[in-house]
1. Within segment A:383-405, is there a residue that is in a helix (DSSP H, G or I) and buried (at least 20 other Cβ atoms within 10 Å of the Cβ)?
2. Out of the residues in segment B:7-19 that are surrounded by 23 or more Cβ atoms within 10 Å (Cβ to Cβ) and more than 11 Å from every other protein chain (Cβ to nearest Cβ), which is nearest to B:Val160 (Cα to Cα)?
3. Of the residues A:Leu283, A:Leu243, which is within 26 Å of A:Ala216 (Cα to Cα) and surrounded by 17 or more Cβ atoms within 10 Å (Cβ to Cβ)?
4. Among all residue pairs at least 6 apart or on different chains, which show Cβ distances below 8 Å where the first residue, located in segment A:99-111, is facing another protein chain (nearest Cβ under 8 Å) and the second is among the acidic types (Asp, Glu)?
5. Of all residues in segment A:58-86 being aromatic (Phe, Trp, Tyr) and within 13 Å of chain C (Cβ to nearest Cβ), which is most open to solvent (accessible area, probe 1.4 Å)?
6. Please go through segment B:225-256 and pick out each residue that is surrounded by fewer than 24 Cβ atoms within 10 Å (Cβ to Cβ) and within 10 Å of chain A (Cβ to nearest Cβ).
7. Considering only helices (runs of 4 or more DSSP H) fully contained in segment C:185-303, which possess at least 3 residues that are of a type outside the set (Phe, Trp, Tyr)?
8. Just checking, how many residues over segment A:390-407 are of a type in the set (A, V, I, L, M, F, W, C) and within 11 Å of A:Val271 (Cα to Cα)?
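The values are calculated or read from the model by the stated rules, or taken from the named source; none is laboratory data. Given the structure is predicted, the values throughout are model-derived calculations rather than measurements. Here the Cβ positions follow ideal geometry from the backbone for every residue, glycine too, while neighbour counts run over all protein chains shown. Ligands, DNA and RNA are stripped out before the accessible areas are found, and what is left, the full protein with its side chains, is counted by its heavy atoms. Shrake-Rupley method; radii C 1.70, N 1.55, O 1.52, S 1.80 Å.
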Amino acid sequence: MRRICIALFAAAFAGAAAAADPIKIGFSMALTGGLAGAGKGALIAMEIWRDDVNKKGGLLGRQVEFVYYDDATQPAKVPPIYTKLINVDKVDLVVSSYGTNEIVPAMPIVMRNKMVFPALFGLAANEEFKYDRYFQIMPAGPYPKTDWSKGFFELAQQQKPRPQTIAIVAADAEFALNAAAGARENAKKMGFKIVYDKTYPPATTDFTPIVRAIQATNPDIVYVGSYPPDSTGMVKAANEVGLKVKMFGGGMVGLQFAAIQKNLGPLLNNVVNYDFWVPEPTLDFPGVKEFLAKYQEAAKGKGVDPLGHYLPPFAYAYMQVLGQAVAATKSLDQAKIADYFRKNTHDTVVGKVKFGRNGEWATSRVLMVQFRDLQPDNLEQFAGPGKRVVLYPKAWKSGDIVFPYKQ
Amino acid sequence: MFSADLLANAVVSGLLLGGFYAAVAIGLAIVFGQLDIVNIAHPAFVIVGSYTAYILNSRFGLDPVLVGVLAAPLFFIVGVAIYRIYYAAFERTGQESLSGLAFFFGLMFIIEVTLILVYGVDYRLVSAGYSAQTLAFGFVDLPGRMLVPFVVAMTLTAAVWLYLSRTFMGRAIQAVAQDRGALQLMGADPVRIKQWAFGLGIATAAIAGALLIIIGPVEPSVGRQYIGRVFAIVVLGGMGSIQGMLIAALLLGVTENLVSTFYGPSWAPAVAFGVLLATLAVRPAGLFGR
Amino acid sequence: MRGWGFRAASAALLAAGLAFTELADNPYYFNATYVVLQALIMAVAWNILGGFTGYVNFGSAAFFAVGAYTTIFLQKAFGLPLPLMILAAALVCGLIGLAVGYLTLRLKGVYFAIATLAMGIVLETLVNNWSYVGGAKGTFMLTPDEHLWFDSYSEMLFMIMLVLALGSIAVSRALSSSRLGRGLAAIRDDEVAAECSGVPTLRLKLVSTTVMGAMMGVAGAPYPYFVTYVDPISAFNLFIAVNAIAMPMIGGTSHWAGPVIGALLVGSAQEVITVTISSELNVLLVGIMLVLFITLAPQGIVGLARKHWRKRS
């Protein structure tokens, strides 16, 4: 009897010791550099998820721990980080960094190690690799390149008189080139004439020559694919040159970040750009307001996006799906987890998520949003509805377009 | 796509840009052009000037140009100190060429990496009232953020030129470049003069840096784009000639802007270096060189 | 080191390398040693022009990058095996070295150095605008599946690098003790005097730049397979150029062993710091060490060692 008790004790002890071993989730994140404005916010959202999960006892009875490094928004830093995470830190699960340019470099390494790869906001990152364990939380849709800008062009098509000519300009980097490629395809399909189609080096800081060159071709609408530093530069240059076109915007990353919105203020009025979640009444998903309240509290004083409307809800959502997958399959088996991702509809703070072709969302939810009546130097105006009106798709529409942009 | 409007604006903003380039190159024109010291780290000092302007502008709201002028004496002292090290390690022992170059190269690197460690790689901006305004003359625009640096740069260039040609110290600097021995015979100490000149060169970097951050956002690696430009300007202008440097700077600004506007900005970085290589291959003495 | 001694040491190192691939299985070790060996080849190559001949090349990263992009181009166009790509890279970069030398070596050393910097940026802009190899957004090289008898691709890359490193040291050593090497030393000490004594300075300098270029291209050729993602910013990175200068200067430029010592010391320190603290800090370290050694110990570690032995005897 005593021997059995001792054996049971020993087993319980060993079990407890093993349970104390945390589950390590590894990733790189843009904590400095062009995307840091959103990257730091994403990290906070992910940490809120981790703390929520750990409070409830962790995953599979084990606490969750993050192992992460700063990739400084430099694609070349990503492969060594993931090599280190997998080979040296020996993480159990990986998720991606933020942004197409930072997700794509990790793909070969993740594929080589056959790990499931939940990804945070990459545009068509899996088009060439076609990796079956990649899952994208950004709601671009099954054909991301064209779904991304479809709304912009459909809105243009509906206006009277119908715009004829378009200028496409993009940064020479993965995300922007993908966005521009989709725009080009949409333009051709819907009968717009492309009068300007150029790229600029990502490190460009002076956009005035570019905007002047665009104005010289007299386009009706302008579609831009850019990252935060260049998005800001483009909007400022458009203002400096006095760009007169009927629609301006499209695929500019950064105009969703609170700090940039406040900085640019009225320069953004009437710009039509993509977004995924804005505080309009049509997008009030269960749990999202509570999450944002938690985020806004955690973000105070940390020099990150104070409102957290863009990336944080989705960063929280994709961790939710990962956690649900681990719990449901009761394992850390990459194949089983990938299967769970693929086969189910998941409940998250950004609504119901279903993955389809190539790991993208089964249906697209790229919103076309127009900035309206913005005042200078005012952050609070972005906290509520009315300043970023959803024009497209119809299911989430909250207002009508103001057209043209500037005459 | 070719229009008079676009061309006129490209040339005018090229001139404004070139004027600014003169402010960046003038420090090197003194140090390399007059003293033959290959301070490849000069653009890195300019970036330090930009960060100085950024810190004081964002903390105290001071105008960047004012910060540049106030910081110049500090930069002067730093320049003198660096020259003393350079002299003790290299010039005295006669090892300038290989080791001196590598010394400044290493220095440039240390400056850039220290800035990254302290401030990170995020772009920094300043806010100055005039940078959002644009003067319009018919169909030609003069944006405030380019016009003000142009005016300051021209003032700086004129001041330095006057200094070198009219004051005693200035002429001594020119003399030490031309004939060191004769200068010693006249009782002047070449080392002190060179030290003074080097300090002056670095002092201009304080002002140039302030102008740079008015024109556009700055982050630590921006300095590298200017290495080619400043050397191209000094070599094309001709060693020892401030007027030549100014003309070369304006030429480079206009060429770069024309290429940027009509061919696309992705070719602009090659312009400066292309000009440099061409000058070295065809006429190494430059336009006005001695 | 006598001829047979050197050959024996090389053979022993190769054997050790093979043993290492059998014993260790964490790919991290192979990745770390690959990086150090790559830096070693670059340092040895730089020293041929810098240390032996006395001309400073700031554009080392350009040769390295062209080697890498040659591999990328050939892979996309023809899918050649790696050894052929290494040869191709050596050829292309050797030619570029020859061309750069021919255009600029008539000028003073200072102008040559600036011209190498210029050439680097021009080449980088060209690659930035060449969309076939990825342009500014970079390109991917998925790891091939075959890796001979090794357990993994990283092990095979490590062995290839080891062979290339030993080869480049052998070339450098042969060069330094040959008649060619003495001519180069004469140019370094006083070019005008050398020219007057009948040394064919231009021809020797061109040999130097060609060999240096070819070697750097060889160092860059396997890089795309190692790193899997290449973009112009990382391939043409100035840090590669700084390392290529700092390692020989720290080790000692006058002897063929200098860059080897410098690369092993500095390279290993960098790997340790990257893993333990941060990768930015190791860049700072190289810059500081370079400046310290140049000002205080311009003859490098080899020079310090020689002084020490001389004092002893």
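1. No, segment A:383-405 has no match at all.
2. Among residues in segment B:7-19 that are surrounded by 23 or more Cβ atoms within 10 Å (Cβ to Cβ) and more than 11 Å from every other protein chain (Cβ to nearest Cβ), the one nearest to B:Val160 (Cα to Cα) is B:Gly19.
3. A:Leu243
4. Between residues of segment A:99-111 that are facing another protein chain (nearest Cβ under 8 Å) and residues that are among the acidic types (Asp, Glu), the close pairs are A:Asn101/A:Glu174; A:Val104/A:Glu174.
5. Ranking the qualifying residues of segment A:58-86, first place goes to A:Tyr69.
6. Listed by number, the list holds a single entry, B:Gln225.
7. Per the criteria, C:191-196, C:201-220, C:232-235, C:238-251, C:257-276, C:279-296.
8. Total satisfying the criteria: 3.
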